[in-house]
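These notes concern the structure reproduced below.
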Protein chains: 2
Amino acid sequence: MTTIDVLCIGNAIVDIIARCEEEFLTDNGIIKGAMNLIDAERAELLYDRMGPALEASGGSAGNTAAGVASFGGAAAFFGKVAKDQLGDIYAHDIRAQGVRFATAPLAGPPPTARSMIFVTPDGERSMNTYLGACVELGPEDVEEAVVAASKVTYFEGYLWDPPRAKEAIRQCASIAHANGREMSMTLSDPFCVDRYREEFLDLMRSGTVDIVFANASEAKSLYQTDDLEEALARIAKDCRLAAVTRSELGSIVLRGDERVEIDAIEIRELVDTTGAGDLYAAGFLYGYTNGKTLDECGRLGSLAAGLVIQQVGPRPMQQLSKEAEKVGLA
Amino acid sequence: MTTIDVLCIGNAIVDIIARCEEEFLTDNGIIKGAMNLIDAERAELLYDRMGPALEASGGSAGNTAAGVASFGGAAAFFGKVAKDQLGDIYAHDIRAQGVRFATAPLAGPPPTARSMIFVTPDGERSMNTYLGACVELGPEDVEEAVVAASKVTYFEGYLWDPPRAKEAIRQCASIAHANGREMSMTLSDPFCVDRYREEFLDLMRSGTVDIVFANASEAKSLYQTDDLEEALARIAKDCRLAAVTRSELGSIVLRGDERVEIDAIEIRELVDTTGAGDLYAAGFLYGYTNGKTLDECGRLGSLAAGLVIQQVGPRPMQQLSKEAEKVGLA
């Protein structure tokens, strides 16, 4: 098998995106800016209350895979959809982006996962995710040859929510490390960190994960501190390489004693923050697996994240390889 | 039943929207700017070749109904979806916009209709429509009380493509006129006009249709002339009220000897022309059924059309009542 730059593993989710006012979130008990896990019944209730929407393939790691491919990197994805219309759309979109995707779809119920994303006037997104078919992702979905061929295997912390995906991840880590490859994860969401803090710390400290992505809230949640500098000092000790994003303040990359600060790009209008972290990871990992410096990796991340927040939907409509060329990062 | 401003009848279609280069259209035999009818097999082939896409509820008359409701008008819709995920999305979106929609969904195959819309860098859209469940719309779907309660019943010329929808339309015309209401249609597409020229002319000349919407190409196709002024003179004779749109040149409204010219609104960036004609009709008919002058009707049409072409997707994300207020047209 030819070498793959980045294999991404995550919940395969179709996003259902609508604008709403601030009060809608409070009236419906939705935690702003977070990923709220919901069951089938609440999914139906919220959809009844949701305004007219757009649908787009999403899922954190899926967005990252699409981003890597858009930069021109070789990307693969593991994730579970159902054999239904939304599953067909999901598979089409990720393959049409050039990502290798061959996870067997689930024949029976539950249906393909969907996340109702409410975008408030400030551009912030609040997600309400019904995991559907994602709960069935397990070790049987690990394609060993793909993991062995991937320079980096990247997964989302959200995978600790479905019951068996973590087994698949541990198996991937064994295969990856046996083949001299690296493992990477995103902490996903501060509430997700809160649910699985000890397990995430163990993944890092045991060397199961080499490269960690987090935003400032997630990093602070991981170490239960309000002091970002403290969190940065501790995360630099707990993993080999960490990239911590800070929205419009840019990002900080830490490797041992090395510390690189990267600016965010200037944006014209903040439309929808969905996919910002996912696309930062895409740019960073595309650069990382293609011999770029840490500074360049961070700037590729800033570029992709800055583009995706200026549109509706979690995957940039531009071809990222061309955008990188424009700013001399190709 | 309380009065409805506009009842819209059309093919209930989910749009699948992707960007493409000009060559993609020629390489795949897609007529640019047109609505290309395709069968299930070609739908599959084109989808395989299509890039990553967004999904949005569409359909010409459905877009018009959504627009009328967004302006604050009372709107209803007749159209046939299947009982499947795309059908659920379609029904949700139109109801969430405040449109009354109660057409029974089709239980069996074929599935809900979809149109693959390729948007070229110039913003022009080229549609490839698989009619799916729409072929089953027929007289049994006419809700007599709704027609009787609607000031205007508006339908798309595209309804002449499925086999039995035209019977439903003739039935609606009888009910509407028996109740002192008006019938309106859009000519939909120059190729559609070419397919049904004599029937469309007969609808107008027989008084089955009172108000006609057309763009310049459709009007010229109707009378097989290259001379727009000739087409305008003839359409003014053939129907009681006609509105002919001319993209960035604005529109011309004709009623007997009366002629009103309306400017297009200034736009910042042309993104995607999908829905332009549908939203012009929405603004016009909202104004028409709410006591506005022909000039105001046309300006409401220009406003809605101008907004929808500055975004991806066929239904404006703004609340049109607020936009009308901003420009003193509420």
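FYI, it's all coordinate maths here, none of it is from the lab. Note that this is a predicted model, so its numbers are computed, not measured. Don't worry about glycine lacking a Cβ; one is built from the backbone with ideal geometry, like all the others, and counts go over all protein chains shown.
Numbers for the structure displayed
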quantity	calculated
Kirkwood hydrodynamic radius of segment B:164-257, from inverse mean 1/r over distinct Cα pairs, in Å	13.4
Members of B:K166/B:K237; B:K151/B:K237; A:K80/A:K166; A:K237/A:K292; B:K151/B:K220; B:K151/B:K292 lying beyond 19 Å, as alpha-carbon distances in this model show	B:K166/B:K237; B:K151/B:K237; A:K237/A:K292; B:K151/B:K220
For chain B: Kirkwood Rh in Å [reciprocal of mean 1/r, alpha carbons]	19.4
Calculated log₁₀ intensity ratio I(q)/I(0) where the Debye formula runs over C-alpha points of the protein assembly as shown, q = 0.05, 0.07, 0.08, 0.11 Å⁻¹	-0.25, -0.47, -0.61, -1.03
Structure-based [θ]222 nm, chain A - -39500 (n - 2.57) summed over DSSP H runs of at least 4, per residue, nearest 500	-11500 deg cm²/dmol
Label geometry 7 Å along the beta-carbon vector: B:A145 inter-copy distances in nm	6.4
Spin-label model distance (nm) - B:Q319 vs A:D122, 7 Å beyond Cα toward Cβ	2.0
Copy-to-copy label separations for B:S247, where each label sits 7 Å from Cα toward Cβ, in nm and ascending	4.2
Extension gain, B:E144 back to B:E269 (0.36 nm per residue minus Cα-Cα distance, nm)	40.7 nm
Alpha carbon centroid spacing (whole Å) that separates segment A:162-225 from segment A:284-330	23
Ranked list, fewest to most other Cβ atoms within 10 Å of each Cβ, for B:T120, A:T129	B:T120, A:T129
Nm distances between copies for B:G108, ranked from closest, using label points 7 Å along Cα→Cβ	2.6
Relative contact order computed over segment B:191-330 (Cα-Cα under 8 Å; 6+ residues apart), in percent	17
Average Cα contact separation per residue, chain B, under 8 Å, 6 or more apart, as relative contact order %	18
